[in-house]
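> Got a structure for you, written out below as structure tokens; questions coming shortly.
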Amino acid sequence: MGKILVHGKTAGRIVETEAYLGVDDRAAHAWRGITNRTRLLFGPPGHAYVYFIYGMYECLNFVAEEEGKAGCVLIRAIEPVAGIGLMWRRRPAAKRVEDLGSGPGKLTLALGITRRQNGADLTRGSLHVRQLLEEPDMRIEVTPRVGIRHCADWPLRFLIAGNPFVSR
DNA sequence: CAATAGATCATCT
DNA sequence: GATGATCTATTGC
């Protein structure tokens, strides 16, 4: 949370995330164990897991657990920081700056992230995360996750309190 | 404002 | 063959 997600000429501050656990979390893709799609989730941390959903959208996750153990973080919203003109072109439906990246499907569009980035190493390369030298103060709010059926009450959604760029 | 339908396909049963 | 970690446009109040 609060870190800068960079892809090419565009960048945004991560303001909302959700945690997906491993085989004990029925809402997680890794729940059923290793399949072609979920293999990455059981691999080393610090890599991107990008999946296609609802026949239309792609969602970006960071693999977050040590190798052999599944667990990841879904990036749910970003606050645009750089390359905002390009983001507008990639998100013609957006009416306000707040709409550019305020949802998991929106931010991948705004940042130009697709399944091509699946498996990308987030510590180097055109898709990576940066730490600000001085992080502004923020309070992190915790709520249940959005849009799932199983484990719907687990408090695993995190957002920066009061930030206008979180999803609706 | 809230509720809802439709778009559309990879993945797993 | 059904489902889904979503978004948008449209409807109705």
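The values are calculated or read from the model by the stated rules, or taken from the named source; none is laboratory data. Model, not experiment: these values are computed from the prediction. Cβ atoms come from the backbone with ideal geometry, glycine included; neighbour counts cover every protein chain shown.
> Any chance you could count how many residues in the stretch A:49-61 are more than 6 Å from DNA strand C (Cβ to nearest atom) and farther than 14 Å from A:Leu107 by Cα?
1
> Could you look through the stretch A:22-48, keep only residues that are within 22 Å of A:Gly103 (Cβ to Cβ) and buried (at least 17 other Cβ atoms within 10 Å of the Cβ), and pick out the one that is farthest from DNA strand C (Cβ to nearest atom)?
The selected residue is A:Ala48.
> It is to be established whether one or more residues within the stretch A:10-19 are within 12 Å of DNA strand C (Cβ to nearest atom), within 19 Å of A:Arg145 (Cα to Cα), in contact with a Leu (Cβ under 6 Å, 6 or more places away or on another chain) and among the polar types (S, T, N, Q). Even if it seems obvious, please write down each step before you answer.
The first filter runs over the stretch A:10-19 and keeps only residues within 12 Å of DNA strand C (Cβ to nearest atom), leaving A:16-19.
If we keep only those that are within 19 Å of A:Arg145 (Cα to Cα) too, we end up with A:16-19.
This time we only want the ones that are in contact with a Leu (Cβ under 6 Å, 6 or more places away or on another chain), so: A:16, A:18-19.
With the extra rule that they be among the polar types (S, T, N, Q), the set shrinks to none.
Within the stretch A:10-19, none of the residues are within 12 Å of DNA strand C (Cβ to nearest atom), within 19 Å of A:Arg145 (Cα to Cα), in contact with a Leu (Cβ under 6 Å, 6 or more places away or on another chain) and among the polar types (S, T, N, Q).
> Output the number of residues of the stretch A:11-24 satisfying the condition of being modelled with pLDDT of 95 or more and not in a strand (DSSP E or B).
1
> Could you name every one of the strands (runs of 3 or more DSSP E) located completely within the stretch A:31-143 that has at least 1 residues being within 15 Å of DNA strand B (Cβ to nearest atom)? So that I can check it myself, show each step before the final result.
Working: elements: A:48-53, A:57-63, A:72-82, A:127-130, A:140-143.
Result: A:48-53, A:57-63, A:72-82.
> Select from the stretch A:22-42 the residues that are within 19 Å of A:Ile75 (Cβ to Cβ) and free of Cβ contacts under 8 Å to residues at least 60 places away in the same chain and list them in ascending order.
Taking the stretch A:22-42 and keeping what is within 19 Å of A:Ile75 (Cβ to Cβ), we get A:22, A:25, A:27-30, A:37-38, A:40-41.
Hits for the stretch A:22-42 are A:Gly22, A:Ala28, A:His29, A:Ala30, A:Arg37, A:Thr38, A:Leu41.
> In the list A:Ala64, A:Ala82, A:Ala110, which residue meets the criterion of being touching a residue at least 12 places away in the same chain (Cβ under 8 Å) and touching a Leu at 6+ places or on another chain (Cβ under 7 Å)? Can you show your working first?
Details: A:Ala64 fails: touching a Leu at 6+ places or on another chain (Cβ under 7 Å); A:Ala82 fails: touching a Leu at 6+ places or on another chain (Cβ under 7 Å).
The match here is A:Ala110.
> Could I ask something else about it? Considering only the stretch A:79-106, how many residues are of a type in the set (A, V, I, L, M) and near DNA strand C (Cβ under 7 Å from one of its atoms)?
2
> Let me ask something additional. Take the residues of the stretch A:119-146 that are without any contact (Cβ under 8 Å) to a residue 12 or more places away in the chain and either surrounded by fewer than 12 Cβ atoms within 10 Å (Cβ to Cβ) or hydrophobic (A, V, I, L, M, F, W, C) (or both): which is farthest from A:Thr10 (Cα to Cα)?
A:Asp137
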